[in-house]
C-alpha cells in the first residue's frame, strides 16, 4: 500500500512538473487600429488608432489564456439634423453637433495555438467590456444646444473573435506582424435604446516570452 501511494504521488508530481515546464508566460505590447461602426444613422464609421498590452499563459503548447487591454486616442464625431427629432432618450434640436471620443477595451479568453517551429499561428475568442465617451460627449453637445437626451456612462459587453501569427526573431522574443479580429460592442446611443456595433481590429507588435 505504501509503495502504491509513493508511486501515485511520484506520478502526480511528475505530471505537475511536466505541465509547468510546458507552460509559457508571454507579455506583449502592440499598435492597434479599430474601425468602429456607430449605430446612429448618418454617423459614419470612425478609425481609432492606439495600442495596448496584455499577458498570456500557455498550457501544453496548444492552449492559452489571454488578458488583453487596448486604448485608442480621440477621434471626431459629427452629426447634422435638419429638423428637431424626438427619440426614446429625449429630444434633439435641429443643428450640427461635433464631439470628440476615445475608446478602451479590456477582454479575456482562450487562445488556440499551432506550435510550428519559429512560427505560431493562433486563434482567439475574447470576452469582456469596453468604454467610450463618444456617445456621452455627443449627448452633451446636443443638450448644450437645448436638447433633452439622457444617457449614462456605459461599459457594455464587448467580444473579439480572430486570429494572428507570431514569428520568433531571437530566443525569448517574437514579432506579431498581424492579428485580425471581428469586434462586437453593444453601446446604446442617444437615438435608440439598444444597438450592436460590428467593428474590425488590427493589432501588431512584440511578444516577450518567459
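A few notes on this one:
- Packing here is the average count of other Cβ atoms within 10 Å per residue, and on that basis the peptides 201-209, 164-172, highest first, run 201-209, 164-172.
- Rounded, prolate or oblate (a/c below 1.5 giving rounded, otherwise prolate when a/b exceeds b/c) for segment 90-170 by Cα gyration tensor: prolate
- Where a label projected 7 Å from the Cα of residue 163 along Cα→Cβ would reach, residues of segment 43-62 with amide N under 17 Å: 62
- Rg followed by Dmax, in Å, when segment 24-209 is reduced to its Cα trace: 19.3, 63
Where a number appears in this text, it was derived from the coordinates with a stated rule and is not lab data. Being a predicted model, the structure only gives us computed values, none of them experimental. A quick note on method: Cβ atoms are made from the backbone with ideal geometry, for glycine too, and the neighbour counts reach across all protein chains shown.
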